[in-house]
Ligand code: GDP
Ligand code: IMO
Ligand code: MG
């Protein structure tokens, strides 16, 4: 029988989704993205060789897997064709293995210009976006003035819509932000040219998913960003512009929620965040430095330093609730090796014993001061360990403590960046729904 699982981030992104999607894809026929765009940076390491994917699903490196870019994903044609070319050069066959929804909203150069101009204008108050035009593209989608990928195929209609949209964007760019406008002819010609190379991949992606289900094949849905960056449930306004939580799987792909069997929340054994916004457990001391250096915490998309801090069990429990999380995958356990003591945020001062059930405002979240529980660390290396029994007792106790606090079973533990460096306690495809 067909199983459908969702893999998504339980924190502020970069939890290790790419590694885990690639790993679990050995049991899936289709991997589908359903939200976000090339703001994502998903790292896969296979036999020591690293690949970073932004827009292409992380099933791309397995020949037998078909990949889908669902209607909820915002698509920049430059980014898409560049990534396809890069993988093709590595000998990976893309054609016939990638299907893209024609309903994907386009990210145009003017969206990128607007994103960057707006961030510059905000100065200290900037969100710290990836500058990829994500926010403006989603805004146009919701405002019903956006252009969808398939609309390029009717070139005269496309030109007329583009003209109207650029008129609007250029007004903002030149009159409000005082920056250069985006040229209509150049954008039009560029889109037509790039569209040619992906046109054959545009198809009815909803039907692909449903026919997969009918024929008993497994589907894996790959989330981008993380739950605390969700436009509704995250630390607003320091969030991305899409719903990053499980509900978005259905709307962003056309595969109804009752067909989903399992939601895997990926979380680091500590916490990181890139960009601005509240982060109660952030560390500015030598432990923060340890996490950043041992964990090599640099953004996979923008190369920015990631902010680092202790595991926030309250925030992950909140993520578990809003995602109906079935299981947790705990990544980067190895990064904690060698620390004497490890702290976990188990509450916030002022909230008493109550757990935070709503973390939707940055102002509210900013004021929270963590209450920590301290646990003993471990000296031995956990790098590459593949069996729970081989982990130091303190590491097992730490995992059990998190499991208990978040109240969701830890089904997978990651002990290194490579596909093989993993402990699978329960494979999501084997869990009875
Ligand atoms: P994603 O956006 O959620 O796919 O995560 P990123 O790829 O942006 O960031 C995760 C980083 O951690 C990548 O460099 C991975 O190669 C690396 N990584 C993933 N799992 C582990 C792990 O268990 N241990 C270590 N040391 N690195 C890991
Ligand atoms: P993956 O999929 C971490 C953050 C940005 C910024 C905010 C808004 O690799 O986990 P945007 O460009 O989306 O408008 O930026 O969201 N952000 C991410 N942080 N990982 C990501 O993706 C992110 N995608 C966006 O840093 O704070
Ligand atoms: Mg990333």
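Those helices (runs of 4 or more DSSP H) of segment 280-386 in which 1 or more residues are surrounded by 15 or more Cβ atoms within 10 Å (Cβ to Cβ) and touching a helix residue (DSSP H, G or I) at 6+ places or on another chain (Cβ under 6 Å) occupy 286-294, 313-323. Taken over segment 292-324, residues that are more than 21 Å from residue 231 (Cα to Cα) and within 16 Å of ligand 3 (Cβ to nearest atom) amount to 10. Of the residues in segment 224-243, at least one is farther than 20 Å from residue 53 by Cβ and part of a strand (DSSP E or B). Look through segment 387-416, keep the residues that are in a loop (DSSP other than H, G, I, E, B) and crowded, with 20+ Cβ neighbours inside 10 Å, and return whichever of them is farthest from the chain's Cα centre (by Cα). Per the criteria, the residue is 391.
Being in contact (Cβ under 8 Å) with a residue 24 or more places away in the chain, more than 14 Å from ligand 1 (Cβ to nearest atom) and out of contact with any strand residue (DSSP E or B) (no Cβ under 6 Å at 6 or more places or on another chain) is a description that applies to residue 340.
Considered as a group, the residues in segment 2-30 that are part of a loop (DSSP other than H, G, I, E, B) and under 12 Å from the mean Cα position of the chain (by Cα) include one that is farthest from ligand 3 (Cβ to nearest atom), and that residue is 10. In the set 11, 35, only one residue is outside the structural domain of residue 412 (by TED's automatic domain parsing), within 26 Å of residue 270 (Cβ to Cβ), in contact (Cβ under 8 Å) with a residue 24 or more places away in the chain and more than 13 Å from ligand 1 (Cβ to nearest atom); that residue is 35.
The numbered conditions (1) within 11 Å of ligand 1 (Cβ to nearest atom); (2) part of a loop (DSSP other than H, G, I, E, B); (3) over 18 Å from the mean Cα position of the chain (by Cα) are all true for residue 255 except (1).
Please pick out the residue among 185, 163 that is without any contact (Cβ under 8 Å) to a residue 12 or more places away in the chain and assigned to a helix (DSSP H, G or I). I'd like the intermediate steps shown before the answer.
Numbers: 163 fails: without any contact (Cβ under 8 Å) to a residue 12 or more places away in the chain.
The unique qualifying residue is 185.
The values are calculated or read from the model by the stated rules, or taken from the named source; none is laboratory data. A quick note: this is a predicted structure, and the numbers were derived from the prediction, not measured. In this analysis, Cβ positions are derived from the backbone assuming ideal geometry, glycine residues included, and neighbour counts consider all displayed protein chains.
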